[in-house]
Amino acid sequence: MAEVWTPMASAASLWADTAEPLPAFPKLAGEVKADVVIIGAGYTGLSAAHHIAKSGLSPVVLEANHPGWGASGRNGGVITAKFRLSFRDIDAAHGRAMARRMYEIAHESVEMVDELVSEFGIESARLTRSGQVKAAHNQATLKAAIDEAEWMKQEMGDTDVRILDAHQVREETGSRGFVGGVLNPGSGGIHPLNYLRGLAKGVAQRGVPIFQESPALALRRDGDGVIAETPGGSVRARQAIVATNSYSDLTSATVRLQRTLVPFRSALIATEKLSPNLAGSLMPTGRTYTETKRMMRWFRKVDDRVIFGGRGAFGKQDSESAFEALRRAMTGIFPELADVPLEFRWSGLVGMTLDSVPHVGRIDDRTLYSVGYNGAGVAMSSLMGRYLASLVRGEAVDLGLLDARRVRTIPFYSLREPAVRAVAGWYQFLDAIGR
Ligand SMILES: Cc1cc2nc3c(=O)[nH]c(=O)nc-3n(C[C@H](O)[C@H](O)[C@H](O)COP(=O)(O)OP(=O)(O)OC[C@H]3O[C@@H](n4cnc5c(N)ncnc54)[C@H](O)[C@@H]3O)c2cc1C
């Protein structure tokens, strides 16, 4: 196929600046045969490749740019055992058995990261299980957070969760901006790009071919299998896994998956290294932190820098005004950062879904996919790789609400981006007036 493909550069992030080097993988040239062709080398694709290879089948990974180019290389590295939809809402809408299954999946996903980090010896990922504080900005959201925590204790048996008063949240964060909060000790943090690169290196060392700058430009049936065509060659396989998430529209081969998602730009800023005094006074416990505002912001401290992120009405591209909005939100919480220069700003697309949970399953009898992590995919995509491997082997997997057979596609597809921005703008307004 003669189509020209121009690989895209990485986001200039703190992670890219501090990551372990990863030698380039070759481009696909000629025809290759495999049991499974995997499209996309993020956590989903690489974890699927690992679990498929482990069961004795032969996977091949195709990546349009380079491993970790997508969300897996540029996210916040916050690891949580939850979905955007709360377990209480799942319980109310779908019953106790479903809420329990979703709770199990969420916890299994966090364990999956631990398992992969230790299996491949990825020390550079600096995985911590230091916990996450949900910090409430007013009494109404504190009450909602406490109600939720009490419900989790009583109904899900989540006895680890702890309620914090205003003083304790100030000690945790170093900020006077919160009236209280909830500590979830099981959550954690990671260097997302080192985790990704460790996976790529480990999977390749165990003999899985990874081809970079090799986009699947077409994916079609061929007899009782599939063929994925790239500019330099093709992979003939028995099954395909599409692991392109919110970047599914890079080529026409996977674009129809994008129609099940609402891609939402999420941005991060990182300060330059703080003075030892300032670094010691902010977030001394080294956890990760989220706010209770509708336009949820989160923050953590890494190597004496504050990283601050959030989603917003950020549009298609990075924009100075979006980063400035994040900076204002950060200095609202930490006024002492007002004069500290930012050293890094970057962004990426998260894949939101209408039902607020990921979708995993079959497109047809030869093609599987997993998308829509709703901005909480570091752990979940790692686990979905294992579930995809089970589905490839024809095993039954209880996917709970993630089962793709439940999916409705996004209505009014062409209108959704302006709509997303309009909703985000409204939420910002409500947050600004304190409602
Ligand atoms: C800014 C940001 C912050 C986030 N923060 C967090 C966080 O703190 N915690 C958390 O849990 N989650 C977070 N997330 C979400 C998380 O990063 C994602 O859910 C997860 O990385 C998805 O992994 P993936 O492998 O499915 O997709 P990706 O990592 O996006 O990988 C998809 C890959 O597919 C490739 N591709 C696309 N089309 C083709 C094609 N035709 N052929 C070959 N390759 C193709 C792309 O180049 C890309 O590399 C964040 C996301 C963003 C963007």
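The values are calculated or read from the model by the stated rules, or taken from the named source; none is laboratory data. None of the values given here were measured: they were computed from a predicted structure. Methodologically, a virtual Cβ is constructed for each residue, glycine included, from the backbone with ideal geometry; neighbour enumeration extends over all protein chains shown. The protein model used for the area step is the full one, side chains on, heavy atoms only, and it has no ligands, DNA or RNA in it. Shrake-Rupley method; radii C 1.70, N 1.55, O 1.52, S 1.80 Å.
I'd like to know if the range 142-152 contains one or more residues that are among the charged types (D, E, K, R), outside any loop (DSSP other than H, G, I, E, B) and touching a Pro at 6+ places or on another chain (Cβ under 8 Å).
For the range 142-152, residues among the charged types (D, E, K, R), outside any loop (DSSP other than H, G, I, E, B) and touching a Pro at 6+ places or on another chain (Cβ under 8 Å): absent.
Of (1) more than 14 Å from the ligand (Cβ to nearest atom); (2) crowded, with 22+ Cβ neighbours inside 10 Å; (3) over 20 Å from the mean Cα position of the chain (by Cα), VAL133 satisfies all except one. Which?
(3)
Check off (1) modelled with pLDDT of 95 or more; (2) over 25 Å from PRO21 (Cβ atoms); (3) more than 10 Å from the ligand (Cβ to nearest atom) for LYS201 and give me the number that stays unchecked.
(2)
Could you tell me whether any residue of the range 115-124 is in contact with a Phe, Trp or Tyr (Cβ under 7 Å, 6 or more places away or on another chain), within 14 Å of the ligand (Cβ to nearest atom), modelled with pLDDT of 95 or more and open to solvent by less than 40 Å² (accessible area, probe 1.4 Å)?
No, the range 115-124 contains no residue that is in contact with a Phe, Trp or Tyr (Cβ under 7 Å, 6 or more places away or on another chain), within 14 Å of the ligand (Cβ to nearest atom), modelled with pLDDT of 95 or more and open to solvent by less than 40 Å² (accessible area, probe 1.4 Å).
Could you tell me whether the range 359-373 includes any residue that is surrounded by fewer than 21 Cβ atoms within 10 Å (Cβ to Cβ) and under 26 Å from VAL110 (Cα atoms)?
yes
Does any residue of the range 275-288 turn out to be within 23 Å of the chain's Cα centre (by Cα) and under 30 Å from ALA48 (Cβ atoms)?
Yes, that holds for at least one residue.
Restricting attention to the range 369-383, and to residues there that are farther than 11 Å from SER356 by Cβ and hydroxyl-bearing (Ser, Thr, Tyr), which single residue is nearest to the ligand (Cβ to nearest atom)?
SER381
Filter the range 63-78 down to the residues that are more than 6 Å from the ligand (Cβ to nearest atom) and not in a loop (DSSP other than H, G, I, E, B) and list them by number.
GLY73
With respect to GLU336, determine if the residue is charged (D, E, K, R), at pLDDT 95 or above and touching a helix residue (DSSP H, G or I) at 6+ places or on another chain (Cβ under 7 Å).
In short, yes.
How about the range 160-211: which of its residues are open to solvent by 10 Å² or more (accessible area, probe 1.4 Å), within 26 Å of SER55 (Cβ to Cβ) and assigned to a strand (DSSP E or B)?
Selection gives PHE211 alone.
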